[in-house]
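Encoded as structure tokens, the structure appears first; notes follow it.
The values are calculated or read from the model by the stated rules, or taken from the named source; none is laboratory data. Nothing here was measured: the structure is a model prediction, and the numbers come from that model. Quick reminder, even Gly has a Cβ in these numbers, built from the backbone with ideal geometry, and neighbours come from all protein chains shown. Just so you know, the surface numbers come from the protein's heavy atoms only, side chains and all, with ligands and any DNA or RNA stripped out. Shrake-Rupley method; radii C 1.70, N 1.55, O 1.52, S 1.80 Å.
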Amino acid sequence: MATTDSIQFAAMGLATPGIAVPAAEAAERNGFDIFLLTDSQNLRGDVYSQLALCAKATSTIMLGTGVTNPITRHAAVTATSIMNLQAESDGRAILGIGRGDSAVLHIGRKIASLKEYGAYVRDLQGYLSGGVVDQNGFPSRLRWLDLVDVEKVPVDMVGSGPRSLALAGSLADRVTLAVGADLDRLAWGINTVRRAAEAAGRDAASIPIGAYLNVAVGTDRDRVRESIRGGVATFAHFSAGAGTDFSSQPEIMRRVTSRLQTEYDTAEHSQGDAAHAKIVDQDFIDWFAIAGTAKEVIERLTPIVKLGLSHIYFAGGRALSTQEALAQEVMPALRAL
């Protein structure tokens, strides 16, 4: 179980030219441990070239994808891109990966099935380790890794449902939950990952487990709620994919996710004024996310940190005021627990 003095906090940014690098510099300056860029080629710039630029503009902060997917790139291409970042950043890379969302849907494709996701991650782990991966009978490997001295990049699998979390527990180097901020739901996610890891013969306690959390800080509760409405709808819709067993979700979640399954409009991805964002009411935002003053945010996050999370990725709080409040007030209080 992770201790609070080792917990890592991440800021998120957008892989947009001219925006990503200043955001990474600010995150490092403000004391964040990790900086993540979204991978969504139709909505933003190229995530790997922007991360490489961020690596040259920073010196200590870890850099990663938040998140990539198994559809838009061959596993060898993804492995090469992230290992290139690892080399250029002196070992500061993390590969965050999920089944796919906006990057996939905006090219008219479906998100990866769990079978496809698992096979892709197994190939990734082979390539990242410098091993040979069978590709239709051809012994494929990243031969250029023989020329550099870099450690393997950790694969950070994100999951929302029981099957994706179980898969992550069996394959990932680290796991990040995307299940909201409810304490019971987070505990359920942690237990799901650990049980799967143990079933796979792995040391469950050695796998870092963290969470994406939609967090906004401010004195006007209604205003800060509104600032993360679009992000809350986006993260909630990750729990509403095709084939979702809504019966396993608490009622407050099910009444939102069951509608998002059919009403979420990918063309308005993450937009707070999207029609589907209206499905997300104030009660749900208060349950699924954390919005309030710095003191209120600390009070909500304290028992979450004490669950033993190794990392928290702050989503939905890209506003400079929220990032500064997190860095100056929230993170120091949580590290001192």
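Structural remarks
- Value of Rg to Rh for region 215-337, rounded to two decimals, is 0.99; Kirkwood radius and Rg both from alpha-carbon coordinates.
- For D245, the accessible surface of its heavy atoms amounts to roughly 90 Å² (probe 1.4 Å, protein chains only, rounded to the nearest 10).
- Helix 183-199 vs. the chain, principal-axis angle (Cα, 0 to 90°, nearest 10): 20
- Excluding ligands, DNA and RNA, the accessible surface per residue across the chain is 42 Å² with a 1.4 Å probe.
- Nearest 10 degrees, 0 to 90: helix 251-263 Cα axis against the chain principal axis: 60
- Ordering L177, Y117, H106 by the projection of their Cα atoms onto the charge dipole of region 49-187, which places +1 on the Cβ of Lys and Arg and -1 on the Cβ of Asp and Glu, puts H106 at the extreme positive end.
- Read-out mean projected area of the Cα convex hull in nm², derived from the coordinates shown; its label in (i) 18.2; (ii) 23.1; (iii) 16.0: (iii)
- In terms of the mean number of neighbouring beta-carbon atoms within 10 Å, the peptides 49-57, 246-254, 266-274 order highest first as 49-57, 266-274, 246-254.
- Less than 5 angstrom separates the built amide H of Q135 from those of S140, all sequence-distant by 5 or more or on a different chain.
- Farthest towards the positive end of the charge dipole of the chain, among the residues A76, F314, N136, is the Cα of N136, using unit charges on the Cβ of Lys, Arg, Asp and Glu.
- Accessible-area composition of the chain, carbon plus sulfur, in percent [1.4 Å probe]: 50
- Amide H contacts for V179 (H built 1.01 Å from N in the peptide plane; partners 5 or more residues away or on another chain; cut-off under 5 Å): Y212.
- Per-residue SASA entry for I19, accessible area with 1.4 Å probe, Å² rounded to 10: 90
- Of the residues G45, A87, T65, the one whose Cα sits farthest towards the positive end of the charge dipole of region 1-107 is G45 (charges of +1 on Lys and Arg Cβ, -1 on Asp and Glu Cβ, taken about the Cα centre).
- Angle in degrees between helix 294-305 and the longest Cα principal axis of the chain, rounded to the nearest 10: 50
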